Amino acid sequence: MSKITAVLFCLAALVVAQPFDAADEVVLNFSPDSVTAIALELDAGNIQLSAGEGAITVRVARHCQADEEESAQQGLETITVGSELNDDELDVTVELPEELPGCDAAVTISAPAGTAVSLSTETGNVTVYGMTAGVEATTQAGAIRLTNTGGRAELETGSGEVNVSTHAGGILARTGTGSITCTITAVDERETVTLETAAGAVTLRLPADVSAHIDAATQAGTVSVYGFEAIWDTETDKAVVGTVLYGDTEVMVRSGAGNISIGTQ
């Protein structure tokens, strides 16, 4: 076999080895008049939800990769999108075929700001903009990001950062591995603020006029609390406990390994 023939043979093999991709988008529209809450469950993939006006729109970008074009297209059809209205809650599910690891999906939702949302994905990031009636978000591996949100927020990721920017309301945020950054613009005295990471830094900013009981501790790192007129019961490098004004809001911050910074905006 000549060198030229060998090169051509290798190039042909590379071309044949290239996988085939199939992709499409499923779009669902719902009237917001009868929906006050949305619950989404996604097997794997990113989720983005933004406040919008008019109809509730759910867009599911489906993608499948396979060795053959027909297999890729058939795999695409096995990504199922389901929806059901239970009372005033819209339940949406996106299921991926277990036998086809080359398939994935990404979900984008637009809904009125006053809709409560619960979002779950096994693997992927969850991003929420402008929702003011409470947010629940979970992912086993991925980041969770909130911007201009309100109401009670409950966020949990097994591995990934949690970034909450400009949130009005109480919050529970946990990550197994990753940093937590949180800015609270307003919080009711009946609410709680709890931030926990097994490994990562925690940065929390609270309103200057907050009335709170602060309890912060790290096992490996330092704790820094500043900007508050407070009575401190404990004040060491690794733990700070004290009362700001009347101590109405319970604030607890924990890190297994990482620095903690709590201050005013």
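Total residues in segment 78-96 satisfying the condition of being farther than 15 Å from Leu42 by Cβ and of a type in the set (A, V, I, L, M, F, W, C): the figure is 1.
Please work out if Ala61 is at pLDDT below 95 and either not polar (S, T, N, Q) or not assigned by TED's automatic domain parsing to the domain that holds Thr149 (or both). Considered against the rule, which asks whether it is at pLDDT below 95 and either not polar (S, T, N, Q) or not assigned by TED's automatic domain parsing to the domain that holds Thr149 (or both), Ala61 comes out as no. Note on segment 191-211: among residues that are under 13 Å from Gly170 (Cα atoms) and under 17 Å from the mean Cα position of the chain (by Cα), the one that is surrounded by the most Cβ atoms within 10 Å (Cβ to Cβ) is Leu195.
For Ser159, are the conditions met, namely being outside the structural domain of Leu42 (by TED's automatic domain parsing) and surrounded by 18 or more Cβ atoms within 10 Å (Cβ to Cβ)?
no
Quick one: would you say Ala143 is more than 21 Å from Asn163 (Cα to Cα) and among the hydrophobic types (A, V, I, L, M, F, W, C)? No: the conditions fail for Ala143. The condition of being hydrophobic (A, V, I, L, M, F, W, C), surrounded by fewer than 23 Cβ atoms within 10 Å (Cβ to Cβ) and part of a strand (DSSP E or B) holds for only one of Val107, Val92, that being Val92.
A quick yes/no check of all residues on (1) free of Cβ contacts under 8 Å to residues at least 40 places away in the same chain; (2) part of a strand (DSSP E or B):
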position	(1), (2)
Glu53	no, no
Ala72	no, no
Leu76	no, no
Gly82	yes, yes
Val117	no, yes
Val128	no, yes
Leu155	yes, yes
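Which members of segment 175-218 meet the condition of being in contact with a Leu (Cβ under 6 Å, 6 or more places away or on another chain) and not in a strand (DSSP E or B)? Ser211 - this is the single residue of segment 175-218 that is in contact with a Leu (Cβ under 6 Å, 6 or more places away or on another chain) and not in a strand (DSSP E or B).
The values are calculated or read from the model by the stated rules, or taken from the named source; none is laboratory data. Computed from a prediction, not measured in an experiment: that's the story for all the values here. So basically every Cβ, Gly included, is an ideal-geometry build from the backbone, and we count neighbours across all protein chains shown.
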